[in-house]
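Asker: Below is the structure I would like to discuss, written out as structure tokens.
The values are calculated or read from the model by the stated rules, or taken from the named source; none is laboratory data. Being a predicted model, the structure only gives us computed values, none of them experimental. Reconstructed Cβ throughout: ideal geometry from the backbone, glycine too, with neighbour counts over all protein chains shown. Please note that ligands, DNA and RNA were not included when accessible areas were found on the heavy atoms of the full protein model with its side chains. Shrake-Rupley method; radii C 1.70, N 1.55, O 1.52, S 1.80 Å.
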Amino acid sequence: MPRSVYLIANPAAGGGRAARLLNTVRRAFDGIGVRETMLTKSPGDEVRCVRRALDAGADTIAILGGDGTWSKATGAIVAAGAGASCRAVLLAGGTGNDFVAALGGQSRAWVTLARLSAEGPDRPIDTLRVDGRHALNVAGFGFDVGVLEALERVGGIERIVRGALRYRLAALQQIFRYKAAEFDPGDGSGLRPVLLAVLANGFRYGGGLPIAPGARPDDGMVDLVTVDDVPAIRRLLLFQAVMAGHHLSIDAVRTVRQPSFTLRFAAPPRIQIDGELLDARGPEVRVECVPGALRLVTAAGSPAAGPSPRPRGEPSRSAGRPSLRSSPAPASRSSGPS
């Protein structure tokens with residue numbers, strides 16, 4: 001039976017990059033008989049577009065945008081109970097396009113991806129449920145939230161800088177300003193000042209930062225990476241290590257892989273889910289893997305892991321690793337990420 005393929009595009013993704021790609025992508029999908037192309041009109045409009053496509057009988061939805069667009073659209077597919085019956089195709093038109101790195105293969109070979117949408121195979125991919133909400137790639141607490149809040153109020157040169165560089169400039173600024181929160185990230189080491197906690201389905205975020213190098217989006221597990229608070233100058237060294245993918249060897253960094261985690265805060269924290277800031281519903285936040293929640297069509301045969309993955313199931317907190325703890329920072333008494 002021929003596929004019923006629909007195309008959803010977010011023209012605003014990537015600072016307008018998706019809009020510039022749209023005509024080329026449309027031509028590729030017109031070649032396989034796409035039923036309809038729908039453009040989002042405002043933030044969150046992906047939900048309306050997905051519902052319209054599903055109501056019209058879509059069994060494959062191609063999504064042009066970035067991580068945020070993909071997260072909202074795939075979340076709408078899952079919420080509609082169509083994760084097993086409607087396939088998704090991720091077309092890279094955003095800034096970071098981080099989740100497709102975890103899938104391997106091409107994300108901008110438009111003609112190939114259009115053909116695969118019509119007749120190619122698919123495979124099951126996990127998602128995350130974060131405080132009852134859908135996440136495709138990552139959820140973050142602490143420093144991540146501070147960076148996104150800073151991006152909401154940028155001024156000066158940050159206003160004209162785009163893409164991953166803009167995120168990294170904001171991150172460098174927060175390295176010296178962010179006050180770590182005290183909470184229990186659920187990794188077994190208890191309540192303490194934590195700079196960052198990331199729960200990952202894919203291995204990278206923030207425009208190419210390999211935060212969870214061993215994460216795979218098809219293993220039924222969540223990778224939790226935590227960074228304990230350290231003095232500001234050592235934060236800078238740690239950020240450089242993250243960019244190089246070497247941070248798991250640092251003593252302040254811990255990583256644990258489990259099917260689910262419960263994070264505990266003094267008050268409901270803010271969360272970033274695939275780049276969107278949200279308020280938690282309470283002081284305890286549960287994050288769990290939803291195995292095989294989606295069927296994705298990609299040009300690669302199997303999901304990819306990031307660089308230097310650790311053995312599955314092993315916490316990477318071993319003796320003899322480089323330490324960033326020579327001058328411990330005082331504990332913060334803040335009620336949650338600020």
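Asker: Can you tell me which residues in region 99-112 are open to solvent by 10 Å² or more (accessible area, probe 1.4 Å) and under 14 Å from GLY202 (Cα atoms)?
Answerer: Within region 99-112, VAL100, ALA101, GLY104 meet the criteria.
Asker: Taking the conditions exactly as written (under 24 Å from ALA252 (Cβ atoms) and either basic (Lys, Arg) or at pLDDT 85 or above (or both)), does GLY220 satisfy them or not?
Answerer: no
Asker: Ok, one more. For region 53-65, which residues satisfy the criterion of being open to solvent by less than 10 Å² (accessible area, probe 1.4 Å) and touching a helix residue (DSSP H, G or I) at 6+ places or on another chain (Cβ under 8 Å)?
Answerer: THR60, ILE61, ALA62, ILE63, LEU64, GLY65
Asker: So which strands (runs of 3 or more DSSP E) stay within region 241-284 end to end and still have 2 or more residues that are under 17 Å from ASP187 (Cβ atoms) and open to solvent by less than 40 Å² (accessible area, probe 1.4 Å)?
Answerer: In region 241-284, the matching strands (runs of 3 or more DSSP E) lie at 253-258, 260-264.
Asker: Let me ask something additional. Look through region 16-47, keep the residues that are touching a helix residue (DSSP H, G or I) at 6+ places or on another chain (Cβ under 8 Å) and among the acidic types (Asp, Glu), and return whichever of them is surrounded by the fewest Cβ atoms within 10 Å (Cβ to Cβ).
Answerer: Across region 16-47, the extreme among qualifying residues is GLU36.
Asker: From the list VAL50, VAL89, which residue is open to solvent by less than 40 Å² (accessible area, probe 1.4 Å) and not in a helix (DSSP H, G or I)?
Answerer: VAL89
Asker: How many residues are under 24 Å from TRP110 (Cβ atoms) and free of Cβ contacts under 8 Å to residues at least 24 places away in the same chain when one looks only at region 46-57?
Answerer: Total meeting the criteria: 1.
Asker: Next question. State all residues of region 8-26 that are assigned to a helix (DSSP H, G or I) and in contact (Cβ under 8 Å) with a residue 40 or more places away in the chain; if no residue qualifies, say none.
Answerer: Once the filter is applied, which keeps residues that are assigned to a helix (DSSP H, G or I) and in contact (Cβ under 8 Å) with a residue 40 or more places away in the chain, region 8-26 yields ALA13, GLY14, GLY15, ARG17, ALA18, LEU21, LEU22, THR24, VAL25.
Asker: Here is a further query. Can you find a residue in region 67-74 that is under 25 Å from ASP219 (Cβ atoms), outside any helix (DSSP H, G or I) and open to solvent by 10 Å² or more (accessible area, probe 1.4 Å)?
Answerer: no
Asker: Let me ask another. Can you confirm whether ARG115 is open to solvent by 10 Å² or more (accessible area, probe 1.4 Å) and in a strand (DSSP E or B)?
Answerer: Answer is no for this residue.
Asker: Looking at region 5-15, can you tell me whether even one residue there is open to solvent by 20 Å² or more (accessible area, probe 1.4 Å) and touching a strand residue (DSSP E or B) at 6+ places or on another chain (Cβ under 7 Å)?
Answerer: Checked region 5-15: at least one residue is open to solvent by 20 Å² or more (accessible area, probe 1.4 Å) and touching a strand residue (DSSP E or B) at 6+ places or on another chain (Cβ under 7 Å).
Asker: Something else about it: Give me the residue from region 225-235 that is open to solvent by 10 Å² or more (accessible area, probe 1.4 Å) and farther than 18 Å from LEU148 by Cα and, out of that set, nearest to the chain's Cα centre (by Cα).
Answerer: Among those that are open to solvent by 10 Å² or more (accessible area, probe 1.4 Å) and farther than 18 Å from LEU148 by Cα, it is ASP229.
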